[in-house]
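J.: Below: one structure in structure tokens.
The values are calculated or read from the model by the stated rules, or taken from the named source; none is laboratory data. None of the values given here were measured: they were computed from a predicted structure. Protein only, heavy atoms only, side chains kept; ligands, DNA and RNA dropped before computing areas. Shrake-Rupley method; radii C 1.70, N 1.55, O 1.52, S 1.80 Å.
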Amino acid sequence: MSAKKPRIAIVGAGVVGSTLAWHLARRGAAVTLIDAGRPGGGCTGRAFGWLNVAHGQPEPLRALRHLATHEWRRLQRELGERLEIDWCGALTWTADPADAERLVRDHAAAGYDVRLMERDEIALREPNLIAVPEVAAFSPLEGGIDAGAMTAVIAEAACEAGATARFDCAAEGLKTAGGRVTGVRTAQGMVDADTVVLAAGTATPALAAGLGPVLPIEASPALLLRFHAPRRLVHTILNGPAVEMRDGGPGELRAAEDFGPGADADAIARETLAAIGRTLRGAEDVTVASAQVGERPMPADGLPIIGFMPQVEGLYIAAMHAAVILAPTVARLMTAEILDDIPVAMLEDLRPGRAAD
């Protein structure tokens, strides 16, 4: 890095943009973090917050996800335990025991810590389960996080490290000159930059329009359900055939559901509450607190889009599903690419230009 601080504007203060801002600011870059709302207030704040590795493993994503929990622990140490993460582990099962056995076998072969847990041990770990499965895959390294709250903590740490915040400030477009991006037009004026990073979720394609290949990113809605729970009913993250749920902190239980076209969030919340009642003892007093839809940015092939945009200089794209899981890992790697001009081999198959290849 030269003596002159590189000016980097990041559009999007979700978990990826905020974590990247923290890494870049620590390295001495002049970072401006821009968001139309508050840090973690968009899709990030409506994420279930399961830091998992034992699911969603298509190549070339496997290697990145296998670093995920390690990088979250590293970030937790580096921020001085300001990040509250419930490293409770996760249990996964279906009606067919062979599915759990297969998951364990596949991940053990890849070197990830997943083991088969049998009924007696499951019952000890989760005494409120009504129908205890014969076996489940147990991932001891996984945990849960309030993604919105923790993103706010990371953004605050980035500002403490020297980043400038422009929150409640919508990005309206990009400024270009001589074949390169030179800044971001915002509701509060121009932000000049040597590099612009778009970590703006589903808004990314519109902001990048006309500056390279079309970015095939669609909104993939998911539903975050919060429930009032008088006491802690689950001790791990439970991913079973009826419901995916975890403890959400004192007095709260959280669940995640798909949300398709025409779906009714309130109806799904009631159905999920009924499923919780069938799954857990002591759930009689659980009530619905909220149902929030998050519009996840989903690339067409399901893989992240990460890297410098071809055909225009100075524009870097960071768009992905599983952003909460991957943020510390990809932010560290992106920092090397942006500041040190070092292409990272793990990201080569995720470049923005792949759709045009």
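J.: What accessible area per residue comes out for the chain, rounded to a whole number of Å², with a 1.4 Å probe?
T.: 42 Å²
J.: Given the options ALA256, ALA30, ALA63, which has the most mean-square fluctuation in a GNM of the chain, springs set between C-alpha atoms less than 10 angstrom apart?
T.: Of ALA256, ALA30, ALA63, the Gaussian network model singles out ALA63 as fluctuating most.
J.: Mind listing the long-range amide H neighbours of GLU252? Cut-off is under 5 Å, sequence gap 5 or more, other chains count too, H placed in the peptide plane at 1.01 Å from N.
T.: Sorted by chain and number, the residues that satisfy this are ALA229.
J.: Treat the chain as a sphere of radius equal to its Kirkwood radius over Cα pairs and apply Stokes-Einstein at 25 °C in a medium of 0.890 mPa s; give the translational diffusion coefficient in µm²/s, rounded to a whole number.
T.: Estimated via Stokes-Einstein, D reaches 116 µm²/s.
J.: Let me check something: with ligands and nucleic acids excluded, how do GLU284, GLU218, GLU78, GLU71 order by accessible area (1.4 Å probe), largest to smallest?
T.: GLU284, GLU218, GLU78, GLU71
J.: Another one. Let me understand the range 250-301 better: what is its radius of gyration from the alpha carbons, and its Dmax, in angstrom?
T.: For the range 250-301, the Cα-based Rg and Dmax read 13.3, 42 Å.
J.: Which residue, ALA170, ALA327, ALA110, tops the fluctuation ranking in a GNM of the chain built on C-alpha contacts under 10 Å?
T.: With Cα springs under 10 Å in the chain, the top fluctuation among ALA170, ALA327, ALA110 is at ALA110.
J.: Report in % the part of the accessible area of the chain that belongs to carbon and sulfur, leaving out ligands and nucleic acids; probe 1.4 Å.
T.: The C+S portion of the solvent-accessible surface of the chain is 50 percent.
J.: Oh, and also: Going by a ≥ b ≥ c, the root eigenvalues of the Cα gyration tensor, does the range 84-129 fall in the rounded group (a/c under 1.5), the prolate group (a/b larger than b/c) or the oblate group?
T.: It comes out oblate by the Cα gyration axes.
J.: Any idea what angle helix 97-109 forms with the longest principal axis of the chain, computed on alpha-carbon atoms, 0 to 90 degrees, nearest 10?
T.: The angle comes out near 40 degrees.
J.: What do you get for the angle between helix 68-78 and the principal long axis of the chain? Use alpha-carbon atoms, 0 to 90 degrees, nearest ten.
T.: 70 degrees
J.: Between the range 280-299 and the range 109-150, what is the C-alpha centre distance in whole Å?
T.: Between the Cα centres of the range 280-299 and the range 109-150 lies a distance of 19 Å.
J.: Further question: Go through CYS169, CYS43 and list them by solvent-accessible area, largest first, probe radius 1.4 Å.
T.: Largest accessible area first, the list is CYS43, CYS169.
J.: Which value, in Å² rounded to 10, gives the accessible area of ASP349 with a 1.4 Å probe and all protein chains present?
T.: 100 Å²
J.: Run the numbers on the range 24-120 and let me know its relative contact order in percent, using alpha-carbon pairs under 8 Å that are six or more apart.
T.: 18 percent
J.: Given Cα positions, please report Rg to Rh for the range 141-246, the hydrodynamic radius being the Kirkwood one.
T.: 1.09
J.: Over the residues of the range 265-344, compute the C-alpha Rg and express it relative to 2.2 N^0.38 Å. Present the calculation step by step, with values, prior to reporting the outcome.
T.: Values: Rg = 20.2 Å, N = 80, 2.2 N^0.38 = 11.6 Å.
The range 265-344 yields a ratio of 1.74.
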